[in-house]
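See below for the structure under consideration.
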Amino acid sequence: MLGPGHAYSDAIPIERLPGPRFVELLRSPFAHEELADRGPLLVVDTDDIVADARDIGTLASIPVVVAGDHRSQLVDVVVDDGSLEDIVRTVERWPIASVALAVLLRSAERRSVADGLIAESAVYSLLQAGPEFARWRAERPSGSHLQEGPAVRCEREGDRLLVTLSRPDVHNAFSAAMRDELVEALAVARADLSIKTVVLAGEGKSFCSGGDLDEFGSRPDPATAHVLRLQRSAPLAVAAVAERLEVRLHGACLGAGIELAAFARHVVATDDAAIGLPEVTLGLIPGAGGTVSVTARAGRHNTAWLALSGSTIDAETARSWGLVDEVQPTS
């Protein structure tokens with residue numbers, strides 16, 4: 001059970017609502033206004049919640065993050081006294097991104113892969129035009145990494161295609177060049193059915209540390225970025241060969257580093273893997289398919305917790321969630 005009280009944050013006074021009161025508010029004709037006014041974060045006692053499909057449908061579009069101490073269709077993220085402070089801190093600083101993620105995830109499990117990726121890209125693009133992402137960019141010093149040689153290597157071994165992310169000096173940060181080369185490599189596998197297995201790995205100390213931050217927001221406008229994201233979609237390319245795909249995780253597996261991997265039929269992680277979804281703390285949401293792939297494997301509550309807590313999980317925790325199928329010792 002969560003401890004009593006309000007003041008987990010000076011900026012966001014947290015009122016914990018009894019379950020019956022929360023359901024009562026959901027059934028009010030002014031539910032959106034009343035609950036949004038209490039947001040952006042609501043903490044609800046879930047023990048006494050008795051909800052029906054109407055309540056779930058009402059909540060679907062209410063712009064708040066709902067936290068509770070048990071899984072429920074009326075809860076976005078499950079917390080305890082130890083993790084609530086982290087969730088509060090994230091929602092306090094990034095309320096727009098946090099709420100956008102919670103609302104998107106509520107219906108994620110009912111969407112097809114294609115529909116989910118379209119919805120994710122649309123929300124991601126809107127947030128790129130928002131004040132929180134602008135603040136993150138203003139606070140971060142600019143930088144650039146010169147790409148020398150291919151960002152992705154491919155080798156054929158019999159009926160296996162070995163695909164390796166190859167930017168080890170930046171922990172395989174996922175750049176536009178890497179995306180394009182990965183899409184091309186997986187197109188070969190998609191077209192050639194004599195390839196029985198595709199193995200995706202990362203060179204160096206990490207599988208993939210997430211998107212290349214130096215490229216974030218580099219497109220001329222969010223609408224163009226949305227169209228280009230659909231035109232050259234790494235998540236769609238990965239999903240297209242998912243039944244033949246094995247991913248080998250190690251080191252940092254952040255953002256795209258777990259979002260793409262989670263589409264695969266089989267995911268192997270070494271015991272040094274650190275898995276996380278840090279995008280909300282940039283004023284964004286996962287944008288490499290994570291609201292689809294991670295949710296499909298680990299459920300929306302775990303996806304929200306990983307994104308809103310700012311935490312990373314180890315390989316054994318990822319296996320218990322279903323994000324990883326096998327854990328091996330670090331070689």
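Side notes on the structure shown:
Each row is one residue, and each column tells you yes or no for (1) of a type in the set (Ser, Thr, Tyr); (2) under 15 Å from Glu120 (Cβ atoms).
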site	(1), (2)
Pro235	no, yes
Glu246	no, no
Val267	no, no
Asp272	no, no
Gly276	no, no
Pro286	no, yes
Thr291	yes, yes
Arg297	no, no
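- The strands (runs of 3 or more DSSP E) located wholly in region 252-316 include none with 3 or more residues which are outside the structural domain of Arg140 (by TED's automatic domain parsing).
- Members of region 240-251 that are closer than 19 Å to Arg297 by Cα and outside any strand (DSSP E or B): Ala240, Val241, Ala242, Glu243, Arg244, His250
- Single residue of region 189-239 satisfying the filter (of a type in the set (A, V, I, L, M, F, W, C) and part of a loop (DSSP other than H, G, I, E, B)) that is modelled with the highest pLDDT: Phe207
- Pair list, Cβ < 8 Å and 6+ apart or interchain, from region 141-154 residues that are β-branched (Val, Ile, Thr) to residues that are in a strand (DSSP E or B) and at pLDDT 80 or above: Val152/Val163; Val152/Thr164; Val152/Leu165
- Hey, Ile87 modelled with pLDDT of 90 or more, assigned to a helix (DSSP H, G or I), outside the structural domain of Leu308 (by TED's automatic domain parsing) and under 28 Å from Pro235 (Cβ atoms) or not: yes
- Selection of region 39-70 for residues being β-branched (Val, Ile, Thr) and either under 18 Å from Val103 (Cβ atoms) or within 20 Å of the chain's Cα centre (by Cα) (or both) yields Val43, Val44, Ile56, Thr58, Ile62, Val64, Val65, Val66.
- Being of a type outside the set (Ser, Thr, Tyr), closer than 24 Å to Ala234 by Cα, touching a residue at least 12 places away in the same chain (Cβ under 8 Å) and not in a helix (DSSP H, G or I) holds for only one residue in Val75, Val163, Val66, Val123, and it is Val163.
- Qualifying residue in region 188-210 (condition: more than 23 Å from Ser331 (Cβ to Cβ) and under 22 Å from the mean Cα position of the chain (by Cα)): yes
- Count of region 277-301 residues which are basic (Lys, Arg) and in contact with a Gly (Cβ under 6 Å, 6 or more places away or on another chain): 1
- Any hit, region 137-147, residues being assigned to a helix (DSSP H, G or I), surrounded by 13 or more Cβ atoms within 10 Å (Cβ to Cβ) and of a type in the set (Asp, Glu): no
The values are calculated or read from the model by the stated rules, or taken from the named source; none is laboratory data. Quick caveat, the model's predicted, so the values are computed rather than measured. Heads up, the Cβs are rebuilt from the backbone with ideal geometry, glycines too, and the neighbour counts pull from every protein chain shown.
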